[in-house]
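The values are calculated or read from the model by the stated rules, or taken from the named source; none is laboratory data. Given the structure is predicted, the values throughout are model-derived calculations rather than measurements. We place every Cβ from the backbone using ideal geometry, glycine too, and count neighbours over all the protein chains shown.
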Amino acid sequence: MAVEPRVLQRDDLLRAAISAGFSTMTERRLEDFRRDGLVPRPVRAANEGRRPVWIYPPGSDRQLVQLLRWREHTQNVDVLRVVLWIEEFPLALDAVRASATAVLDGLLYEMERHLRAEASRHGLDPVAEQDTVVSAIATPMAAKRGKNALPRPIRVPAGERSTAVAHLLQIFVLGEQPDVTEEEAETIEKVLGVSPGRRQRVEDADPWLTGPANALVGAADFVSLPRMAEALADATDSEWEAARSPAAALFLQLPVVARALVATYGKENFAGMGGLTTFDEEPLMGVLLVAFALGARRADWFGNVEALHDSLAPWPALVSEMEQVLDMSQSELSRNLAGHGPEMRDRTQRIIDALQDGELKLGPRPAR
């Protein structure tokens, strides 16, 4: 027999938020979220005496909690709207489309503003001398160290790193296809940290990174900011709906897989997937991955995205199976591992630690 969904009222939502650890949640803030379309509006269902009774759609309490978790990472309403839509909460697609477009347009505006400012600082023409301007931006960006610096997963000489960063800006930010040699493309792979994907294997599978390295240049056709902005603007409603599930897999499931590989093999960048471990810590990445999925469709690359989506589908169930280990007593776990060597015991302990730390859970993690 089907179970009737529980009737939700305002106080139920507030209690859910407080139970999830958001003790400062108030009725006023809930009203703000309703105004922004981030939480459903209640409907008048009946009266208690003269007082109207307002009820929320089923799942509104979970939507509120997820919203609050994502707000620990960003308070940008447009980004939050897209991320909640990716998680399949009921948001109007027109509003989601407008929000994603506003985010991409904002990134393009900031890119153009930065290029003009850098050109002016060096007395250069931002159009005619664009390559020189990009190099001027790339050099300090490549050399920067500290909290907001680009990651350095693999050691690369300073000059080569600067050239690689300039090429990355041309490809992914400007949507250009620079003339890149195979050797330079291999350096780009090192700067991105993905080059171990050419040699390190996950169990018996072949390395995932194959083919010529300079094929990366062609990605400008669908993963650069200009092309992704075009894809957002041109996509039909059905294309948006088709892109939602792959975007969710890339944004929410792929980082869990990457963190599971870190735990399994004890290497921070095993198979070049270390850069994927924090995708779900940055909500803006969710917007970019929706645009990526739409752009891949335009570039006839969507079959690859769908194949990746299908390969990620079993992971939530696998993680649930892993979590059963947490219910075992230490003596039972020791008995199960008694016949295995130290490598397997170490691997199992790393996975247990990752499970206990919440590293393998889907969805937003607490802000660091």
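Whether any residue in segment 270-281 is part of a helix (DSSP H, G or I), buried (at least 19 other Cβ atoms within 10 Å of the Cβ) and of a type in the set (Asp, Glu) is what I want to check.
Checked against the condition, which is being part of a helix (DSSP H, G or I), buried (at least 19 other Cβ atoms within 10 Å of the Cβ) and of a type in the set (Asp, Glu), segment 270-281 yields at least one hit.
Scan segment 135-188 for residues that are in a loop (DSSP other than H, G, I, E, B), of a type in the set (Asp, Glu) and either in contact with a Phe, Trp or Tyr (Cβ under 7 Å, 6 or more places away or on another chain) or surrounded by fewer than 17 Cβ atoms within 10 Å (Cβ to Cβ) (or both) and jot them down.
The answer is 179, and nothing else.
Residues that are closer than 25 Å to residue 188 by Cβ, small (Gly, Ala, Ser) and either part of a helix (DSSP H, G or I) or in contact with a Ser or Thr (Cβ under 9 Å, 6 or more places away or on another chain) (or both): does segment 115-134 have at least one?
Yes, segment 115-134 contains a residue that is closer than 25 Å to residue 188 by Cβ, small (Gly, Ala, Ser) and either part of a helix (DSSP H, G or I) or in contact with a Ser or Thr (Cβ under 9 Å, 6 or more places away or on another chain) (or both).
May I ask you to list pairs of residues, at least six apart or on different chains, whose Cβ atoms are under 8 Å apart, with the first in segment 146-169 being over 12 Å from residue 187 (Cβ atoms) and at pLDDT below 95 and the second being of a type in the set (Gly, Ala, Ser) and in a loop (DSSP other than H, G, I, E, B)?
Pairs that qualify, where the first residue is over 12 Å from residue 187 (Cβ atoms) and at pLDDT below 95 and the partner is of a type in the set (Gly, Ala, Ser) and in a loop (DSSP other than H, G, I, E, B), are 151/193; 153/193.
Determine if segment 41-54 includes at least one residue that is part of a loop (DSSP other than H, G, I, E, B), more than 27 Å from residue 234 (Cα to Cα) and within 23 Å of the chain's Cα centre (by Cα).
No, segment 41-54 contains no residue that is part of a loop (DSSP other than H, G, I, E, B), more than 27 Å from residue 234 (Cα to Cα) and within 23 Å of the chain's Cα centre (by Cα).
Please determine whether any residue of segment 189-203 is part of a helix (DSSP H, G or I) and of a type in the set (Lys, Arg).
There is at least one residue in segment 189-203 that is part of a helix (DSSP H, G or I) and of a type in the set (Lys, Arg).
Which residues, counting only those in segment 63-86, are assigned to a helix (DSSP H, G or I) and either polar (S, T, N, Q) or closer than 13 Å to residue 10 by Cα (or both)?
Matches in segment 63-86: 63, 64, 66.
Only one of (1) surrounded by fewer than 11 Cβ atoms within 10 Å (Cβ to Cβ); (2) in contact with a Ser or Thr (Cβ under 7 Å, 6 or more places away or on another chain); (3) not hydroxyl-bearing (Ser, Thr, Tyr) is not met by residue 43, so which one is it?
It is condition (2) that residue 43 fails.
I'm trying to understand the selection: among the residues of segment 222-265, which are touching a helix residue (DSSP H, G or I) at 6+ places or on another chain (Cβ under 7 Å) and β-branched (Val, Ile, Thr)?
The answer is 223, 256, 257, 262, 264.
Restricting to segment 218-232, name every residue that is farther than 12 Å from residue 290 by Cα and either small (Gly, Ala, Ser) or over 22 Å from the mean Cα position of the chain (by Cα) (or both).
218, 219, 220, 224
Within segment 76-86, can you find the residues that are surrounded by fewer than 21 Cβ atoms within 10 Å (Cβ to Cβ) and either modelled with pLDDT under 95 or among the β-branched types (Val, Ile, Thr) (or both)?
77
Only one of these is modelled with pLDDT of 90 or more and surrounded by fewer than 20 Cβ atoms within 10 Å (Cβ to Cβ): 311, 245. Name it.
So the residue among 311, 245 that is modelled with pLDDT of 90 or more and surrounded by fewer than 20 Cβ atoms within 10 Å (Cβ to Cβ) is 245.
If a residue has to be in contact (Cβ under 8 Å) with a residue 40 or more places away in the chain, among the acidic types (Asp, Glu) and part of a loop (DSSP other than H, G, I, E, B) to count, how many in segment 312-359 make the cut?
1
Looking at segment 197-210, can you tell me whether even one residue there is closer than 28 Å to residue 167 by Cβ, small (Gly, Ala, Ser), in contact (Cβ under 8 Å) with a residue 12 or more places away in the chain and surrounded by 21 or more Cβ atoms within 10 Å (Cβ to Cβ)?
no
When you go through 94, 32 one by one, which is the residue that is exposed (fewer than 12 other Cβ atoms within 10 Å of the Cβ) and at pLDDT 95 or above?
That would be 94, the only listed residue that is exposed (fewer than 12 other Cβ atoms within 10 Å of the Cβ) and at pLDDT 95 or above.
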